[in-house]
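One structure is given here, and the rest of the page talks about it.
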Amino acid sequence: MAIIIDGKAVAEKIINELKQKVSSMETKPHLAVIQVGDNPASTIYVNLKKKRAEEIGIKSSVINLSEAVSEKELINKIKELNNDKNVTSILVQLPLPKHINANNIIKTILPEKDVDGFTNQNAGSLLNGMIPSAYPCTPKGVMRLLDEYNIKIEGKHAVIVGRSNIVGKPLAIMLLNRNATVTICHSKTNNLKEITKQADILVSAVGKKVIFNDMVKPNAVVIDVGIFKDNYNKTTGDVDFENVKEIASYITPVPKGVGPMTIASLMENTVDLYNENLK
Ligand code: NAP
């Protein structure tokens with residue numbers, strides 16, 4: 001029976017540390033979040049981020065733009081925030097409406113205010129083994145969980161299912177930088193099961209139930225990044241938790257696994273960017 005990794009508790013610890021740090025600051029970090037349209041899931045995430053920021057003492061503003069906003073208008077808004085000395089971090093809530101090219105938007109954010117670490121400069125720094133202004137929040141949260149539970153990374157075979165720019169790809173680089181041997185799988189991977197069964201550390205970031213117990217090596221560490229609603233409208237993850245926990249050594253639940261760590265990492269990035277900009 002696996003040890004259940006308590007992402008909520010680790011996230012709480014990080015938030016409490018940040019509260020202390022921020023309380024001793026004369027001026028406070030300021031996180032600006034842009035939400036385009038009113039996707040209900042995005043609204044939940046944006047409100048959660050605002051609530052967490054306020055709890056810590058970080059200033060936050062949410063800029064709501066209409067679903068019909070043009071790419072040019074959104075770019076202009078970001079430029080305005082780039083030039084606003086009072087704003088120290090900028091986050092554009094994804095996904096964006098189809099008529100807007102997310103890459104064009106992300107590359108407009110000043111790298112030193114890029115709290116998600118998604119800009120070409122920060123992603124490039126990560127790839128080149130340099131320290132980016134900010135590490136992408138979800139992969140950063142996953143790495144922190146592995147470290148909190150003293151899970152050895154060096155020399156281990158890490159298999160990541162999912163290759164998005166926000167989770168799979170940056171996490172692969174972060175694990176590689178820590179000397180794991182990394183395999184990335186995706187929807188076109190042949191014989192997924194044969195590959196996942198080789199994993200010492202198995203991370204799933206897909207958004208569908210794809211990991212079952214016959215795909216997991218005994219004593220593997222299983223990290224479930226996926227979050228979605230099942231047929232009964234219950235929040236669930238990619239991993240068949242009840243069965244996989246019987247053979248894994250460590251496993252993250254959904255909810256209360258990676259999710260809270262993403263928000264905690266975002267708050268940490270907000271504080272770090274603010275401190276960096278003061279230098
Ligand atoms: P995404 O951009 O949709 O990427 C999903 C990835 O899964 C793609 O690489 C896709 O392959 C791959 N995939 C789809 N079906 C597959 C299959 N049957 N077998 C193997 N691979 C498959 O998603 P994302 O933004 O990375 O998010 C993934 C999940 O994590 C979602 O549930 C999301 O809600 C969740 N998430 C959670 C957090 C958190 O804080 N816990 C943060 C971010 C995301 P292709 O590239 O070939 O299409």
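So how many residues does the range 185-231 have that are in a loop (DSSP other than H, G, I, E, B), more than 15 Å from the ligand (Cβ to nearest atom) and modelled with pLDDT of 95 or more? First the steps, then the outcome.
The first filter runs over the range 185-231 and keeps only residues in a loop (DSSP other than H, G, I, E, B), leaving 186-191, 197-200, 205-210, 212, 216-220, 225-227, 230-231.
Next, from what is left, pick out any that are more than 15 Å from the ligand (Cβ to nearest atom): 198, 200, 217-220, 231.
If we keep only those that are modelled with pLDDT of 95 or more as well, we get 198, 200, 217-220.
Result for the range 185-231: 6.
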key: Filter pass, I166 being within 28 Å of L31 (Cα to Cα), assigned to a helix (DSSP H, G or I), under 17 Å from the mean Cα position of the chain (by Cα) and not assigned by TED's automatic domain parsing to the domain that holds I34   = no
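Would you confirm, using the coordinates I've provided, whether S125 is of a type in the set (S, T, Y) and more than 27 Å from I44 (Cα to Cα)? Give the derivation first.
Details: of a type in the set (S, T, Y): yes; more than 27 Å from I44 (Cα to Cα): yes.
Taking the combined requirement at face value, the residue satisfies it.
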message = What's the number of the only condition in (1) touching a residue at least 60 places away in the same chain (Cβ under 8 Å); (2) touching a helix residue (DSSP H, G or I) at 6+ places or on another chain (Cβ under 7 Å); (3) closer than 21 Å to L273 by Cα; (4) outside any helix (DSSP H, G or I) that I34 fails to meet?
response = (1)
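Being under 29 Å from V271 (Cα atoms), in contact with a Ser or Thr (Cβ under 8 Å, 6 or more places away or on another chain) and of a type outside the set (S, T, N, Q) is the requirement here; does D224 meet it? Give the steps one after another, and end with the answer.
On the way: under 29 Å from V271 (Cα atoms): yes; in contact with a Ser or Thr (Cβ under 8 Å, 6 or more places away or on another chain): yes; of a type outside the set (S, T, N, Q): yes.
The answer is yes for D224.
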task = May I ask you to verify whether G129 is away from the ligand (no atom under 15 Å from the Cβ) and either at pLDDT below 95 or in the same structural domain as A32 (by TED's automatic domain parsing) (or both)?
result = yes
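Would you mention how many residues in the range 174-184 are more than 20 Å from the chain's Cα centre (by Cα) and either part of a loop (DSSP other than H, G, I, E, B) or near the ligand (Cβ under 10 Å from one of its atoms) (or both)? If you could, list the steps in order and put the result at the bottom.
Narrowing the range 174-184 to residues more than 20 Å from the chain's Cα centre (by Cα): 179, 181.
In the following step, the residues that additionally are either part of a loop (DSSP other than H, G, I, E, B) or near the ligand (Cβ under 10 Å from one of its atoms) (or both) were identified as 179.
Within the range 174-184, residues that are more than 20 Å from the chain's Cα centre (by Cα) and either part of a loop (DSSP other than H, G, I, E, B) or near the ligand (Cβ under 10 Å from one of its atoms) (or both) number 1.
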remark   = Picked from the range 101-119 (must be in contact with a strand residue (DSSP E or B) (Cβ under 7 Å, 6 or more places away or on another chain) and in a loop (DSSP other than H, G, I, E, B)), the residue most open to solvent (accessible area, probe 1.4 Å) is D116
task = Under 8 Å between Cβ atoms, at least 6 apart or on separate chains: pull out the pairs that start in the range 173-188 with a residue that is open to solvent by 40 Å² or more (accessible area, probe 1.4 Å) and of a type outside the set (K, R) and end on any residue that is more than 15 Å from the ligand (Cβ to nearest atom) and at pLDDT below 95.
result = N177/G129
remark   = Taking the range 11-34 and keeping residues open to solvent by 10 Å² or more (accessible area, probe 1.4 Å) and within 18 Å of the chain's Cα centre (by Cα) leaves E12, K13
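How many residues are open to solvent by 50 Å² or more (accessible area, probe 1.4 Å) and either in a loop (DSSP other than H, G, I, E, B) or outside the structural domain of L146 (by TED's automatic domain parsing) (or both) if we restrict to the range 238-254?
At the first step, the residues of the range 238-254 found to be open to solvent by 50 Å² or more (accessible area, probe 1.4 Å) are 241-243, 246-247, 250.
So of that shortlist, the ones also either in a loop (DSSP other than H, G, I, E, B) or outside the structural domain of L146 (by TED's automatic domain parsing) (or both) come out as 246-247.
Counting residues in the range 238-254 that are open to solvent by 50 Å² or more (accessible area, probe 1.4 Å) and either in a loop (DSSP other than H, G, I, E, B) or outside the structural domain of L146 (by TED's automatic domain parsing) (or both) gives 2.
On the basis of being within 17 Å of the chain's Cα centre (by Cα), buried (at least 18 other Cβ atoms within 10 Å of the Cβ) and outside the structural domain of Y149 (by TED's automatic domain parsing), does T270 make the cut? It would help to see each step written out before you state the result.
On the way: within 17 Å of the chain's Cα centre (by Cα): yes; buried (at least 18 other Cβ atoms within 10 Å of the Cβ): yes; outside the structural domain of Y149 (by TED's automatic domain parsing): yes.
Yes: the conditions hold for T270.
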query = Taking the range 102-127 as the search range and keeping residues that are touching a Lys or Arg at 6+ places or on another chain (Cβ under 8 Å) and among the hydroxyl-bearing types (S, T, Y), which one is nearest to E67 (Cα to Cα)?
reply = T108
message = Step by step: first the residues of the range 134-164, then only those that are in contact with a Ser or Thr (Cβ under 8 Å, 6 or more places away or on another chain) and away from the ligand (no atom under 16 Å from the Cβ), then the one that is farthest from S204 (Cα to Cα). Which residue is that?
response = G155
ask   = Of all residues in the range 235-254, how many are within 10 Å of the ligand (Cβ to nearest atom) and in contact (Cβ under 8 Å) with a residue 60 or more places away in the chain?
value = 2
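Would the range 51-60 turn up any residue that is part of a loop (DSSP other than H, G, I, E, B), open to solvent by 10 Å² or more (accessible area, probe 1.4 Å) and more than 16 Å from E268 (Cα to Cα)? Reasoning before the result, please.
Of all residues in the range 51-60, those part of a loop (DSSP other than H, G, I, E, B) come to 57-58.
Still in the list and also open to solvent by 10 Å² or more (accessible area, probe 1.4 Å): 57.
Now narrow it down to the ones that are more than 16 Å from E268 (Cα to Cα): none.
Checking the range 51-60: not a single residue is part of a loop (DSSP other than H, G, I, E, B), open to solvent by 10 Å² or more (accessible area, probe 1.4 Å) and more than 16 Å from E268 (Cα to Cα).
The values are calculated or read from the model by the stated rules, or taken from the named source; none is laboratory data. All figures in this text were calculated on a predicted structure; none of them were measured in a lab. Backbone-built Cβ (ideal geometry, glycine too); neighbour counts: all protein chains shown. Protein only, heavy atoms only, side chains kept; ligands, DNA and RNA dropped before computing areas. Shrake-Rupley method; radii C 1.70, N 1.55, O 1.52, S 1.80 Å.
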